[in-house]
Structures are given as C-alpha cells and as structure tokens.
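FYI, it's all coordinate maths here, none of it is from the lab. Quick caveat, the model's predicted, so the values are computed rather than measured. Heads up, the Cβs are rebuilt from the backbone with ideal geometry, glycines too, and the neighbour counts pull from every protein chain shown.
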Amino acid sequence: MSSQNLSPQQSSITALDNVRIVLVNTSHPGNIGAVARAMKNMCLSQLYLVEPQKYPHDEATWRAASAGDLLDSAVVCDSLADAISGCQLVIGTSARERTVPWPLLDPRHCMERAYKEAEASHKVAVVFGREDRGLTNEELQRCNLHVHIPANPDYSSLNIAMAVQVLSYELRMAQLSGELTSNEMAEWDVPVAGADDLERYLVHLEETLRDINFLRPEAPKKLMTRLRRLYQRTRLDEMEVNILRGILTSTQYWVRKAKLKDGDSGGDSL
Ligand code: SAH
C-alpha cells in the first residue's frame, strides 16, 4: 500500500473517523474530488483510493473545492484487500441486484448499523465501484453487507459522488440522532439512573409481581425479559426509579396486609 499520509491528523476524533470511504479504480478524477467534498460536508474524513486511474489530478483538486485536505490525506492502495485491511465491518454498494443473494440493507438501516459499530471503535469501510462497471462479484463478496440506494428501478445508477453523498448523509444523521438523544438527557433536572439502580428496581418489580401472583413461577420467563427491554428503552432518572420503587413497596405492604387478613379469616390468599 502506498499512501500520501497513513494517519491523517484529526483535531478531534469522532466515531465518523472510524468510517472509511473506499473508491475502487475510479476513472474520472473529477469524481474523486466531488467525493471528497461530499464527505467533508458530512464530517467524514477517511478517503481510500484503490488504483485510481488518474490521480493526483487538477480536476480532482478543483472539484474538491475546500475539501482539498481530504485529498491530501487520502490513502492510495494497490488492492481492495489493502484498503479494507483491519476493518471489522465492510459494506459494498451496488447500483443493481446481483445474482448472488447477500444480506442487503437500505441506506438508513445500513448506515445506522455502520455508525453504531464505528461508535464501538470498530473500523468500518463503505466500498464504491467503478463508474462504468461498479464492483465485481468477487469484490462484493469481500463485504459483510450490501447496500442499495432504492432509486428509480428503470434508472438506478447514481453518479458515484452522489451515491457517496447519500450514504454519508445517512451516517451524519445517525451521528446527530445519537447526539440529540444524549443532549435530551443532558438537559434533564435529575441524574439519569445508573445500571445498579435500574437493576435493583427490576429485582424489586419481579418480587412484587410474584407477591401479587402476576408472575407465576411456572409461567414462561419472557415476561421479565419484555419488562426489562421496556425499562431499558425508557432511560429512567433517579427520581422516577424512586417513585416506581415507592409504588412497589406500597403494593407489597397492602398485599401483605390483605394476606394476613385472609389468613385470619381462613380465606385464600390473593
Ligand atoms: N454501471 C454500474 C454503475 C456504477 S455507478 C453498475 O451497474 O454497477 C458507480 C458506483 O456508484 C457503484 O459501483 C456504486 O458504488 C455507486 N452507486 C451508484 N448507484 C447506486 C445505487 N443505486 N445504490 C448504491 N450504490 C450506487
């Protein structure tokens, strides 16, 4: 692998820096420049070029506009294998259906998945093909997943830089939706409950559900799994956990009282 700069310097490293855009055997240098611009607009920085036909080239620099820094730090490789080396998730893009069925996702779901992995420090590659022939079947079979932009079925092939723009935008949206979620809780008036608080609550909930015979020992365990999933989704704060635990304590108090009363009068428990 030959490169102009193997480790581009970043002012601040984000999950998007774990995502590389790989262009295979691009013929028009203008497209490479347009890709760099599309990427920088969406906060992506890692550009890998596999055997570009004309590169470096003035037209690439011209079309990149103010994204020339991405061209300067682009990594030029001799093979796709070099470009995806060290990547834990490799996504192949395709303008049309292929003969070999492969896990195929739409851009939104695929880029959400890619972003999550990048956030977990996995290296992710999104691979784009030649302007005239796309990626070969062999190249596509080096990918874990395929993504297809659901364009007009009668005219589904986008210009490569436009295809990079669509997928980079979805990555950017995945990043922003994560930030919005955490910002919502950052503005919260009470601290978000920790995993231990939630665990104690769920143990208490299970105990109470047994006390009121809602959870029967012989019943399938799925109930607690579903309730766990529900509470894990909601991101309770500490006060909400306290309120919910208060309700459980009170429920247990009254159940115990009712049971004692039933015992006194010889009746069945609840
Ligand atoms: N004639 C080629 C099209 C290549 S377009 C073919 O039939 O495969 C150049 C590249 O842009 C493709 O290899 C792919 O990386 C990307 N691309 C274009 N349209 C796309 C689409 N609808 N979905 C996903 N990627 C697309």
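When each of Cys77, Cys110 is scored by the number of other beta-carbon atoms lying within 10 Å, the sequence from fewest to most is Cys77, Cys110. Note on Lys123, Lys261, Lys116: ascending count of other Cβ atoms within 10 Å places them as Lys261, Lys116, Lys123, the fewest first. Rounded to the nearest 500, the 222 nm mean residue ellipticity of the chain from helices alone is -15500 deg cm²/dmol, with -39,500 (n - 2.57) taken per DSSP H run of at least 4 residues.
Charges were assigned to the Cβ only: +1 to each Lys and Arg, -1 to each Asp and Glu. The resulting dipole of the chain about its Cα centre is roughly 700 debye. Backbone phi angles across segment 238-243, fed through the Karplus curve with coefficients 6.51, -1.76 and 1.60 (θ = phi - 60°), yield HN-Hα couplings of 4, 5, 4, 5, 4, 4 Hz in residue order; Gly and Pro are listed as x. What is the sum of charges, Lys and Arg at +1 and Asp and Glu at -1, for the other residues whose Cβ falls under 12 Å from the Cβ of Leu244? With Lys, Arg at +1 and Asp, Glu at -1, the net is -2.
So for the chain, considering every pair of alpha-carbon atoms, how many percent are separated by more than 29 Å? Summing the P(r) tail past 29 Å for the chain gives 49 percent.
Taking Cβ atoms as reference points and 15 Å as the exclusive limit, the residues near Tyr55 contribute a net charge of -3, counting Lys and Arg as +1 and Asp and Glu as -1.
The charge dipole of segment 195-264, taken about its Cα centre with unit charges on the Cβ of Lys, Arg, Asp and Glu (plus for the first two, minus for the last two), comes to roughly 360 debye.
Could you grab the relative contact order for segment 195-264? Cα pairs under 8 Å, six or more apart, rounded to a whole percent.
In percent, rounded to a whole number, it is 47.
Determine Rg/Rh for segment 1-157; Rg is computed over alpha-carbon atoms and Rh is the Kirkwood hydrodynamic estimate from the same atoms. Rg/Rh: 0.94.
Look at the alpha carbon pairs under 8 Å that are at least 6 residues apart: their mean separation over the length of the chain gives a relative contact order of 19 percent. Once the Cα atoms are used to define both axes, helix 160-186 deviates from the longest principal axis of the chain by about 30 degrees. Volume of the convex hull of segment 195-264 (Cα atoms only), normalised per residue: 78 Å³.
The aspartates and glutamates within cross-link reach of Lys259, meaning a Cα-to-Cα straight distance under 13 Å and a gap of 8 or more places when in the same chain, are Asp211, Asp268. Taking Cα atoms, how many degrees apart are the long axis of helix 107-119 and the longest axis of the chain, rounded to 10 and kept between 0 and 90? The answer is roughly 80 degrees.
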